[in-house]
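Since the structure comes first, as structure tokens, the remarks are kept for the end.
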């Protein structure tokens with residue numbers, strides 16, 4: 001049974017949540033079984049890393065071939081003088097831009113919440129973590145939606161250049177992009193380092209725990225944080241993401257390999273940076289990508305300007321490079337079981353992540369099977385493009401959790 005959402009696009013429907021164990025999927029084919037067995041064998045004999053590099057070369061050739069033979073090219077935005085016609089966004093309306101130095105890195109975040117007097121009970125903390133290639137801006141709608149009840153904080157992951165320095169040079173106010181520090185080296189982008197930053201941020205805000213919400217790479221960060229610091233999680237909400245063990249080892253399929261082949265391309269040294277150089281592209285391919293996904297011109301241009309910051313490609317790609325080299329745990333090792341209430345929101349039609357690969361059997365990683373909310377036609381960016389229904393799922397999940405925790409058994 002589906003019902004229209006109360007507001008927003010009439011094309012979006014609301015489907016009630018269900019337990020992950022209630023999801024049904026078709027049996028996998030023989031080619032998928034062969035691929036899994038092959039990957040498991042390469043891990044066992046120590047040839048996994050050469051396999052990943054080979055997959056990276058395949059991804060490069062696959063991408064070049066796809067671009068040559070694509071019958072319907074993506075919509076491109078290359079008009080001369082186009083920037084003058086893009087209406088700037090009023091980013092100040094979403095909250096206060098704050099900075100804090102944690103573990104030697106400067107973290108930028110946007111904060112919005114109810115006003116409370118000194119000595120009054122603080123509103124609960126809701127922490128939002130963005131994915132790739134986004135920034136705090138991913139959560140603009142949720143900052144507005146939940147800030148009447150929660151102290152909402154949307155951070156910029158440690159991955160992008162320190163704009164305070166660049167802005168000082170250019171005489172501009174540093175507002176609206178990824179402002180967190182950009183440390184060098186793969187070791188700065190491991191699960192241990194990033195989750196320690198999240199822990200330090202929560203403590204610096206005066207809290208012992210939070211409801212943590214993550215999308216894409218931010219979801220993997222949130223998952224890893226919950227597995228490592230369970231007592232600091234009130235509720236966990238994951239949007240269009242699964243664990244790397246599920247994605248690239250336990251449930252890998254040929255379909256998923258082709259959908260996310262770019263992850264293997266990112267493993268190659270230096271070559272991906274050449275394709276992503278801001279001096280070569282000025283971010284236009286990224287802007288065209290966001291427009292093709294359904295974003296408005298101002299939104300797409302906002303992300304373009306964030307992506308072309310100097311030094312961003314390598315720092316952002318370091319997250320991906322740590323997936324397969326153990327920086328987020330051995331790919332073959334199942335993550336720690338999570339005991340906290342968990343909601344997985346899935347935008348159906350994701351072009352990068354296969355629903356069956358990511359969700360089939362995912363309850364094995366949780367003490368209690370997580371709830372799953374499917375957003376029909378939402379795609380990978382449902383959190384932004386179908387924010388009304390995503391926010392409704394999150395709100396209902398949290399309200400029902402509060403009601404169940406307040407029940408007294410006598």
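The values are calculated or read from the model by the stated rules, or taken from the named source; none is laboratory data. Please read these numbers as outputs of a predicted model, since none were measured by experiment. Positions of Cβ are backbone-derived with ideal geometry, glycine not excepted, and every protein chain shown enters the neighbour counts.
Scan the stretch 324-346 for residues that are under 13 Å from residue 242 (Cα atoms) and touching a strand residue (DSSP E or B) at 6+ places or on another chain (Cβ under 6 Å) and report the count. Here the count works out to 5.
Can you say whether residue 21 is part of a helix (DSSP H, G or I) and modelled with pLDDT of 90 or more, as far as the supplied structure shows? No: the conditions fail for residue 21. Within the stretch 335-350, is there a residue that is under 17 Å from the mean Cα position of the chain (by Cα) and surrounded by fewer than 19 Cβ atoms within 10 Å (Cβ to Cβ)? Checked the stretch 335-350: at least one residue is under 17 Å from the mean Cα position of the chain (by Cα) and surrounded by fewer than 19 Cβ atoms within 10 Å (Cβ to Cβ). Between 364, 373, the distinction of being within 20 Å of the chain's Cα centre (by Cα), farther than 22 Å from residue 258 by Cβ and either modelled with pLDDT of 95 or more or outside any loop (DSSP other than H, G, I, E, B) (or both) belongs to 373 only. Taking the criterion of being touching a residue at least 60 places away in the same chain (Cβ under 8 Å) and either surrounded by 14 or more Cβ atoms within 10 Å (Cβ to Cβ) or farther than 30 Å from residue 322 by Cβ (or both), the residues of the stretch 30-52 that qualify are 32, 35, 36, 39, 40, 43, 48, 49, 52.
Here's the yes/no breakdown for (1) surrounded by 14 or more Cβ atoms within 10 Å (Cβ to Cβ); (2) modelled with pLDDT of 95 or more; (3) touching a strand residue (DSSP E or B) at 6+ places or on another chain (Cβ under 8 Å); (4) not in a helix (DSSP H, G or I):
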{"position": "353", "(1), (2), (3), (4)": "yes, no, no, yes"}
{"position": "356", "(1), (2), (3), (4)": "yes, no, no, no"}
{"position": "378", "(1), (2), (3), (4)": "yes, no, yes, yes"}
{"position": "394", "(1), (2), (3), (4)": "yes, yes, yes, no"}
{"position": "399", "(1), (2), (3), (4)": "no, no, no, no"}
{"position": "402", "(1), (2), (3), (4)": "no, no, no, no"}
{"position": "407", "(1), (2), (3), (4)": "no, no, no, yes"}
{"position": "410", "(1), (2), (3), (4)": "no, no, no, yes"}
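Let's see how each residue does on (1) at pLDDT 85 or above; (2) touching a helix residue (DSSP H, G or I) at 6+ places or on another chain (Cβ under 9 Å); (3) buried (at least 16 other Cβ atoms within 10 Å of the Cβ); (4) over 20 Å from residue 56 (Cβ atoms):
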| position | (1), (2), (3), (4) |
| --- | --- |
| 246 | yes, yes, yes, yes |
| 251 | yes, yes, yes, yes |
| 257 | yes, yes, yes, no |
| 260 | yes, yes, yes, no |
| 287 | no, yes, yes, yes |
| 290 | yes, yes, yes, yes |
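When you scan the stretch 308-331, do you find a residue that is part of a helix (DSSP H, G or I), closer than 20 Å to residue 140 by Cβ and at pLDDT 80 or above, even just one? No, every residue in the stretch 308-331 fails to be part of a helix (DSSP H, G or I), closer than 20 Å to residue 140 by Cβ and at pLDDT 80 or above. Among all residues of the stretch 84-106, there is at least one that is under 30 Å from residue 291 (Cβ atoms), modelled with pLDDT of 90 or more, in a loop (DSSP other than H, G, I, E, B) and in contact with a helix residue (DSSP H, G or I) (Cβ under 6 Å, 6 or more places away or on another chain). Under the condition of being at pLDDT below 90 and in a loop (DSSP other than H, G, I, E, B), the residues counted in the stretch 136-168 number 7. The set of residues in the stretch 201-232 being under 13 Å from the mean Cα position of the chain (by Cα), farther than 22 Å from residue 141 by Cβ and surrounded by 24 or more Cβ atoms within 10 Å (Cβ to Cβ) consists of 223 alone.
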